[in-house]
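Here, each number is a calculation from the coordinates, and none is a lab measurement. A quick note: this is a predicted structure, and the numbers were derived from the prediction, not measured. For neighbour counting, all protein chains shown are included, and Cβ atoms are generated from backbone atoms with ideal geometry for every residue, glycine included.
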Amino acid sequence: MPHADSLALPDGLTDKRAFYEHVCTVAEALLAPSSPSDPAANWITVLSNAASLLFGSFENYEAAFGRANGRRVNWAGFYLVPSLLSRHAPSTDPTQLLLGPFHGRPACNSVSLQGTSSRPVGVCAAAFLSGETVVVPDVEARPGHIACDGVTKSEVVVPVVVRRAREDGTVEDVKVGVLDIDCEGLNAFDDEVDRAGLEQFVEVVKRVVRWEL
Ligand code: SME
């Protein structure tokens, strides 16, 4: 099957829960490496196709089921810890996340992980720091929200936390970044179906990438 056909939704899809289940199944097939040594299991390759798959699948979902308040999902992508890029970036400043693979219009190159008393951190930083998914029904009502695109009205951000084995056999959780989805309509994402569906999607992505942390 041509890779671009992975965006097609099956006939008979009943609702958004089934949509996410379908997208996660497709992601497993599309993103999975062909062998344990497949170089395509690196995070740039996997996250690039993951962002495109989500963005295009939302487009097709909206064509079939309608949009949130008539408005589209306009951005899907990742913000990542600079240390993932340590071999290639001039700085590994731990106080920010850097723009990673995405699909949509140009966005902020980085987001700060440091708030101030007058300005709390943005949505991506809040999800990253708390380790919890953040659903924002109205970004303009959310203090600290960073507007990369003025047309965005609602947003959901899922943290990406990877478990790795230490040399002594114990394990630790490493925060590597966040998945961010934006929509031009208010209240596009809910705390139940969207949160669960996107968290499941992140689980697939985490399993597929060979992180080399
Ligand atoms: N709104 C985000 C910034 C990233 S853009 O939406 C792509 C935030 O508040 O962190």
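At R0 = 30 Å, how high is the FRET efficiency between Ala18 and Lys175 if r is their beta carbon distance? Nearest 0.05 is fine.
Approximately 0.45, to the nearest 0.05.
Sort Tyr61, Tyr79 by Cβ crowding within 10 Å, fewest neighbours at the top.
Tyr61, Tyr79
What fraction, in whole percent, of alpha-carbon pairs in the stretch 169-213 exceed 18 Å separation?
44
If only Cα atoms are counted, what is the Rg of the chain, and what is its Dmax, in Å?
When restricted to the Cα atoms of the chain, Rg and Dmax are 17.0, 53 Å.
On a full-extension model of 0.36 nm per residue, what is the gain between Asn42 and Glu167, subtracting their alpha-carbon distance, rounded to one decimal in nm?
Contour length minus the Cα-Cα distance gives 42.9 nm.
Count neighbours as other Cβ atoms within 10 Å of each site's Cβ, and list the trypsin sites (Lys or Arg not before Pro) in the stretch 144-213 that are DSSP loop with at most 12 such neighbours.
The qualifying sites are Arg166.
Are there any helices in the chain, counted as whole DSSP H runs, that stretch 18 Å or more along their axis by Cα and score at least -0.5 on average by Kyte-Doolittle, and if so which?
The answer, listed by residue number, is 16-31, 43-65, 193-208.
Can you give the FRET efficiency for Leu213 and Asn109, using 1/(1 + (r/R0)^6), R0 = 35 Å, r = Cβ-Cβ distance, to the nearest 0.05?
After rounding, the FRET efficiency stands at 0.95.
Relative contact order for the stretch 3-208: what percent, with Cα pairs under 8 Å and sequence separation of 6 or more?
Averaging sequence separation for qualifying contacts and normalising by length gives 23 percent for the stretch 3-208.
R0 = 22 Å: FRET efficiency of Ala141 with Ala196, Cβ-based, nearest 0.05?
0.40
If packing is taken as the average number of other Cβ atoms within 10 Å across a peptide's residues, how do 11-20, 135-144 rank, most packed first?
Result, highest mean first: 135-144, 11-20.
Normalised by the empirical 2.2 N^0.38 Å for globular proteins, what value does the Cα Rg of the stretch 126-170 take?
1.64
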